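Read through the structure below, which is laid out as C-alpha cells, and then see the notes.
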There are 2 protein chains.
Amino acid sequence: MAATIKSVAELAGVSIKTVSRVVNKEGTVKPDTLKRVEQAIAELKYTPNKAARDLASNVTSVLGYVYDNPNAYYIIDMQKGILDVCRKNNFELLIHPCDASSENIAQELVDMVDSAQLAGLVLSPPLSEMPDVLHHLDNKNISYVRILSGDSEFSSTLPYVLVNDFKAAFQITEHLIAQGHKHIAFIAGEVIHKSTTERLNGYKAALEKASIPFDESLVIEGTYSFETGVKSADVLLSMPSRPTAVFACNDEIAAGTLFGARMKGVDVPNDLAIAGFEDSPFSRQTFPPLTTASQPTNEIAQSATSSLIQYLRAKKTKTNFNNLTQTFTPQLVVRSSTEVTL
Amino acid sequence: MAATIKSVAELAGVSIKTVSRVVNKEGTVKPDTLKRVEQAIAELKYTPNKAARDLASNVTSVLGYVYDNPNAYYIIDMQKGILDVCRKNNFELLIHPCDASSENIAQELVDMVDSAQLAGLVLSPPLSEMPDVLHHLDNKNISYVRILSGDSEFSSTLPYVLVNDFKAAFQITEHLIAQGHKHIAFIAGEVIHKSTTERLNGYKAALEKASIPFDESLVIEGTYSFETGVKSADVLLSMPSRPTAVFACNDEIAAGTLFGARMKGVDVPNDLAIAGFEDSPFSRQTFPPLTTASQPTNEIAQSATSSLIQYLRAKKTKTNFNNLTQTFTPQLVVRSSTEVTL
C-alpha cells in the first residue's frame, strides 16, 4: 500500500497541514520540522497525490491590517469586515496599529511584513495615503490594498477601494440648508486624513450651490474626538453671531458638540442643529440621536480584503489581475438632532 | 576578514533577521529561503558569533488573541494592552474573534494555532472560562494565559490574571444604598460570562449586609448591550412599585437604561439613579455622565501578556516559571447619574 500524507505526518510527529506545506513548498515551516518531514517522506517513499496538493491550497496565510486611528468603532468594524473575508478564504489576520507620524514608519512596516511573513497588507487612512510608505512597500514587492478617500478612479496595478466623502458631505450640508440654516459651522478632524479635506470640500460645494458665502471663521480645526466637539461647542456658542447648525467631521465630534451644547443649556436641535459622519453605534444612542452619514465600514473592509486576496492569487498563479475598484458613498441618515421640533 | 551575518543576508537576498532565524533554528523560514541562506553560509564560510545569536532572541514571534465579545471598547483596550507588551518584546499579534458557542470551537483554536504557528494565546472571557477549550489546548501542549473573573488564586502551571468583579459590584451597590436607595434593580449580561454571576453575587452581598431583602423580580436577564438597557428601562419603569436605582452589568446596558428613562421622561438621577460597570469612554459622554466601576482593561491585558511571554521564555529555556498572579479590582467612580441634585 502506498504511503499517505497521514502516515508521513504521524511518523514526523506533525500535522497533515505541515506535511502538505512542505510538499508544496508553501507557507512557513521551522527548519527542524522541515528536516523531520523530509526524512519521513524518504523513509515511507511517499509521493504526494492530488488530494494532498488540493489540501495545500487551503493552508493558512496571514494578512496584516495596519492602521493609525483612535476611533474604536471604526477599527472594530474594519477588523470584522476583514476577518469575515479572511475566514471564508482560510486566511488569518495580524493587526498592527502604529504611529503614522513616526519617522521610521515605512521601514517598520517592511520589517513587520518580513518577520511575520505576511501575505499582504490592508491599509486604511492615513497610511494608505502616504506616498513614502507606499514607495517602501513597492520597493520590497509587498502586496497591499488601500482604502482611500476620493471620488475618481485612477490606474494602479495594486487594488484599492474608494470612499466618496465629498459627495456624502455635500448631502449632509444640503440637508442642513434645506432645514433653513445659513450659518453652518464645520468642525474638522486631523488634516493628515484626506477624508477631512474631502468633507470640507463637500461642505463648501453645497454652500456655493446655495449661494451661501463661505465663512472661514466657522471652520474649527481639531481631531476626530469627543473632546474636539466639547471644545468647539464652547467656541462656536460664544461667537457674537453664533451658528445655528454644525456639521462635525465624525460622530465622536458631533457627540462632543452635543454634550458641550447641553452643558451650556442650549437646546438641540431647536437652538443648534448637529450632524455627524459615520453612523457609529453611539450616533443612535445620544439624546437626541444624531443625523449622520452611514459609512459602510464593514462592507468597505470586505471589498478591500476580497480584492487583495484576488490580487494575491493572480500574482501566485501569474494570471492577470482584474482591478475592479469599488466606490462607496456614505448615505445621509436624518435623525432628531437636525430636525426642528415645535 | 571573517564573513558577517550581514554579508550572508546580502548574498542570500534576505534580511539579517531571517539569517539569524536559520542559524538559530528558531522561528519559521520558507523552505526555499532556508536553502538560499544555507548556500550563502556555505559559500562565505560564515560562522555564527554571539552577536548573531543574541539577535536571534529578538526574532519576531506571533501571539494570538482569541475572544468572543461584542463590546468594541473592551476589545480595543485589550488589543492595545496586549500590543504594548508585544511591541516591547518583539512579538506581533494575530486576532481571532470567534463564536464561543460554536460546537467545534476547541478544534478551531487548535487548528488555528497550528496553521498560523502561534507562540501562544491570550484568552479573555468567556473562552478563558470554558473547560473543554482549555482541555483541548492542554492536550496539544499549546501555551496560553487566561483572564478570569474571580477573587481567589488557585494552583496552575499556566499563567492567569484575576478580575475581582464581586468586590467591585459590592462597592457599587453599597454606594447606591448609601444614597438612600432600597429598591435597586440589577440588569444582567450573558450568564456564559462568569463576570455576570460574580457581579450579581456582589450586589446580593451588599444588599444582605444592609439587611435589604433580595427581590428576584428586580433582576432582569439580558445581554451586555445598549438594547438590553432600553428594554429593561421599559420593564422596570412599568412596575407597580418601581425601583429608584439600577445597577447595570456594564456601561452599554447603563447607557441604554438612561436612554430608555429619557424616552419616558424620567429624570436621571432624581427619579432614577443609574450605575454601569467598566468605565468605557461613553460612560463619561452620556448626559448625565454615568457612575461606574473603572476596570483597568489595558493593564489587565498587559499583565496577562507579560505573564504569557515570561511563561514562553521559561518553557523554551526549560527554567522554572514563577506564576505571580495579579488580581485587579475595578474601582468605583461616582458621577452625576447617581447623585441626587436638588
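Of the listed residues A:Asp279, A:Asp151, B:Asp165, the order by accessible area with a 1.4 Å probe, largest first, is A:Asp151, A:Asp279, B:Asp165.
Full extension of the chain segment joining A:Lys35 with A:Asn104 gains 21.1 nm, where the gain is 0.36 nm per residue of separation less the Cα-Cα distance.
Computed over region B:224-342, the convex hull of the alpha-carbon atoms projects to a mean area of 8.9 nm².
Using heavy atoms of the protein chains and a probe of 1.4 Å, the accessible area assigned to B:Val219 is about 40 Å².
Charge dipole of region B:192-270 (Cα centre as origin; +1 on each Lys and Arg Cβ, -1 on each Asp and Glu Cβ, all else neutral): 100 debye, rounded to the nearest 20. So, in nm, how far is label A:Lys45 from label A:His135 when the simple model puts each one 7 Å beyond its Cα toward the Cβ? The answer from the label model is 5.9 nm.
The calculated FRET efficiency for B:Lys318 paired with B:Ser155, based on their beta-carbon distance and R0 = 30 Å, is about 0.90. Among chain B residues, the one whose Cβ is nearest the axis of the rotation from B to A, given with its distance rounded to whole Å, is B:Thr28, 2.
Extending 7 Å from Cα along the Cβ direction at B:Asp111 and again at A:Asp234 yields two label points whose distance is 5.5 nm.
Take every pair of alpha-carbon atoms less than 8 Å apart whose residues are at least six positions apart; their mean separation over the length of region A:220-342 yields a relative contact order of 25 percent. All distinct Cα pairs of the protein assembly as shown go into the 1/r average, and the inverse of that average, the Kirkwood radius, is 27.6 Å.
Note on chain B: Cα Rg divided by 2.2 N^0.38 Å, N the number of residues, gives 1.26.
Whole-Hz Karplus values for region B:197-214 come out as 6, 4, 5, 4, 5, x, 4, 4, 5, 5, 4, 4, 4, 8, 6, 9, x, 6 Hz, taken residue by residue from phi with 6.51 cos²θ - 1.76 cosθ + 1.60 and θ = phi - 60°; glycine and proline positions read x. Within a straight-line Cα-Cα reach of under 17 Å, B:Lys264 can be paired with the following aspartates and glutamates, leaving aside sequence neighbours fewer than 8 residues apart in one chain: B:Glu227, B:Asp234.
When only Cα pairs below 8 angstrom with a gap of at least 6 residues are kept, region A:115-254 shows a relative contact order of 23 percent. Once the C-beta distance of B:Ser336 and A:Ser294 is scaled by a Förster radius of 51 Å, the resulting FRET efficiency is 0.95 to the nearest 0.05. The slack in the chain from B:Gln171 to B:Glu10, taken as 0.36 nm per residue of separation less the alpha-carbon distance, amounts to 51.7 nm.
Quick one: which of A:Lys35/B:Lys35; A:Lys35/B:Lys6; A:Lys194/A:Lys231; A:Lys6/B:Lys35; A:Lys88/A:Lys318 span more than 19 angstrom between C-alpha atoms? Violating the 19 Å limit, Cα to Cα: A:Lys35/B:Lys6; A:Lys194/A:Lys231; A:Lys6/B:Lys35; A:Lys88/A:Lys318.
Only Cα pairs under 8 Å and 6+ residues apart enter the sum, and on that basis the relative contact order of chain B stands at 16 percent. The loop-placed GluC sites (Glu not before Pro) in region B:194-302, going by DSSP, that have at most 15 neighbouring Cβ atoms within 10 Å of their Cβ come out as B:Glu221. Rounded to the nearest Hz, the phi-derived 3J(HN,Hα) couplings of region B:155-170 under the Karplus curve 6.51 cos²θ - 1.76 cosθ + 1.60 (θ = phi - 60°) are 7, 7, 7, 9, x, 7, 10, 9, 10, 7, 5, 4, 5, 5, 5, 4, where x marks glycine and proline.
Between A:Ala210 and A:Met263, the modelled labels are 2.8 nm apart [label points 7 Å from Cα along Cα→Cβ]. Note on region A:115-251: percent of Cα-Cα distances in each 5 Å bin, starting at 0 and stopping at the bin with the largest distance, equals 2, 9, 17, 18, 16, 11, 9, 8, 5, 3, 1, 0. Phi-derived couplings, Karplus 6.51 cos²θ - 1.76 cosθ + 1.60 at θ = phi - 60°, listed residue by residue for region B:95-106: 10, 9, x, 8, 9, 5, 8, 5, 5, 9, 4, 5 Hz, with x used for Gly and Pro. Rounded to the nearest 20, the Cβ-based charge dipole of region B:186-342 about its Cα centre (Lys and Arg +1, Asp and Glu -1) stands at 780 debye. Summarising the amide proton neighbourhood of B:Thr338: residues at separation of 5 or more, or on other chains, whose placed amide H is nearer than 5 Å comprise B:Ile274, B:Thr291. Taking the DSSP bridge list for the protein assembly as shown and keeping only pairs wholly inside it, about 15 percent are antiparallel. Residues whose amide H comes within less than 5 Å of that of A:Val219, counting only those at least five positions distant or on another chain, are A:Phe186 (H built at 1.01 Å from N in the peptide plane). Each stretch of four or more DSSP H residues adds -39500 (n - 2.57); spread over every residue of the protein assembly as shown, this sum gives -13500 deg cm²/dmol at 222 nm.
The values are calculated or read from the model by the stated rules, or taken from the named source; none is laboratory data. None of the values given here were measured: they were computed from a predicted structure. Glycine also receives a Cβ, built like all others from the backbone with ideal geometry; neighbour counts cover every protein chain displayed. Accessible surface is based on the protein model in full, side chains and every heavy atom, while ligands, DNA and RNA are left aside. Shrake-Rupley method; radii C 1.70, N 1.55, O 1.52, S 1.80 Å.
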